[in-house]
1. For segment 301-460, state what percent of all Cα-Cα pairs lands in each successive 5 Å bin, counting from 0 Å until the bin that includes the largest distance.
2. Shape verdict for segment 383-454, please, from the Cα gyration tensor: rounded (a/c under 1.5), prolate (a/b greater than b/c) or oblate.
3. Using a Förster radius of 35 Å, what is the FRET efficiency between residue 242 and residue 121 based on their Cβ-Cβ separation? Nearest 0.05, please.
4. Quick check: the distance between the Cα centres of segment 163-185 and segment 61-129, to the nearest angstrom?
5. Once label points are set 7 Å from the Cα along Cα→Cβ at both residue 183 and residue 131, what is their separation, rounded to one decimal in nm?
6. For an R0 of 51 angstrom, estimate the FRET efficiency from the Cβ-Cβ distance between residue 275 and residue 436 and round to the nearest 0.05.
7. Using the Cα gyration tensor of the chain, with a ≥ b ≥ c the square roots of its eigenvalues, what is the shape: rounded (a/c below 1.5), prolate (a/b larger than b/c) or oblate (neither)?
8. Would you mind calculating the relative contact order of segment 37-379 from Cα pairs under 8 angstrom and at least 6 residues apart, reporting the percent as a whole number?
């Protein structure tokens with residue numbers, strides 16, 4: 001089902017045009033070096049199923065997102081930032097390990113019915129890295145990376161954990177209803193807890209503010225994995241009323257996004273009240289693009305001109321809103337058009353905090369030079385694979401194998417098995433350049449095959 005949003009037509013055209021223009025290099029307000037106090041706090045905020053352009057700062061004119069927009073202005077915002085996978089669990093595994101899902105050992109969604117489908121415990125997580133450097137570590141929100149004690153948050157480096165372990169819950173009963181049998185899913189430090197009828201976003205904020213207040217005098221790392229705007233898209237009553245005149249399902253989705261924004265604003269205010277904001281690095285990104293599943297009412301996210309959605313390696317499945325903010329230490333009100341990936345936050349946070357990286361290969365690269373000096377992307381080439389789909393991006397070229405398009409933006413017959421896009425000439429991925437550039441196809445296909453061979457079987 002394709003959601004048509006007439007208000008966005010002119011915006012889509014302007015975004016598409018912008019994406020095809022050369023990107024200027026601006027160094028205004030960029031410090032010569034990163035100034036680091038000893039052990040800054042770190043909060044990594046991960047939203048869930050948020051559309052590529054679903055913030056006002058990214059062009060969604062019907063959304064009210066003042067807190068996230070202000071946070072983006074207080075830092076560096078990326079326009080070509082990617083999830084390492086188009087679905088939840090492998091994207092989260094990549095963020096927390098700095099490795100592509102194939103190297104991290106989790107390429108599909110973790111399942112409570114199959115304990116083996118979890119993030120392997122031998123992987124070094126960002127929490128374990130930070131804990132080893134003297135940080136107290138907290139997980140608040142969604143996990144979706146394992147269900148046995150060893151693979152739940154407290155077994156993967158988190159001193160404290162509160163949230164749900166499966167992919168989604170009802171925000172009032174805290175039950176998982178989407179794949180029977182129905183099960184209650186709310187946990188604190190590995191023990192089931194009950195908060196019947198309490199609004200889950202409120203519970204998350206209580207946990208966040210309590211954790212920050214308790215550890216205000218010591219360095220802390222929090223992985224705040226918000227379960228919004230993922231279905232069931234239960235916004236607060238105030239935001240549902242605010243968006244009552246929008247067509248459905250956009251109004252439900254919008255209420256969920258603005259509820260998330262409001263809750264983030266409350267936690268940012270807590271940091272300010274405790275005089276911790278300038279000593280706290282905040283990273284924000286979505287785990288992948290918006291959903292078009294039946295449970296998401298066919299899709300309500302906004303990707304502008306971009307093709308694809310959750311589950312797809314076209315742009316709208318993996319290109320996500322992302323930014324980093326650390327007032328007084330990193331540039332503010334800056335935009336970067338260089339390619340970045342969720343795997344990059346692991347080494348970026350490590351460098352900003354002065355923590356050595358663990359031994360072994362990482363796919364993530366530190367974005368500190370990009371953030372502070374507007375340097376080129378550290379990635380000459382990046383790879384994705386999900387099910388039978390795969391993609392390689394090198395410069396402006398992107399080759400997709402067996403592509404799928406849940407957004408159904410292309411009304412032509414199913415895409416060719418090999419689809420070559422040039423993101424500078426056509427960021428909408430409408431035209432297949434494969435026949436015009438067989439040499440590029442041959443080159444990128446060979447890169448993919450070599451990469452797949454290297455990572456099969458996955459190596460810890």
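1. 2, 8, 16, 19, 18, 15, 12, 7, 3, 1, 0
2. Note, shape of segment 383-454 comes out oblate.
3. Details: r = 44 Å, r/R0 = 1.26.
Using R0 = 35 Å, I get an efficiency of 0.20.
4. 20
5. Those two pseudo-labels are separated by 2.3 nm.
6. 0.30
7. Working: a/c = 1.28, a/b = 1.19, b/c = 1.08.
Rounded.
8. Working: 797 pairs, mean separation 105.0, N = 343.
Computed over segment 37-379, the figure is 31 percent.
Quick note: the coordinates plus some simple rules give every number you see, no bench work behind them. Remember, it's a predicted structure, so these values are computed and weren't measured experimentally. Note: ideal-geometry Cβ built from the backbone for every residue, glycine included; neighbour counts use all protein chains shown.
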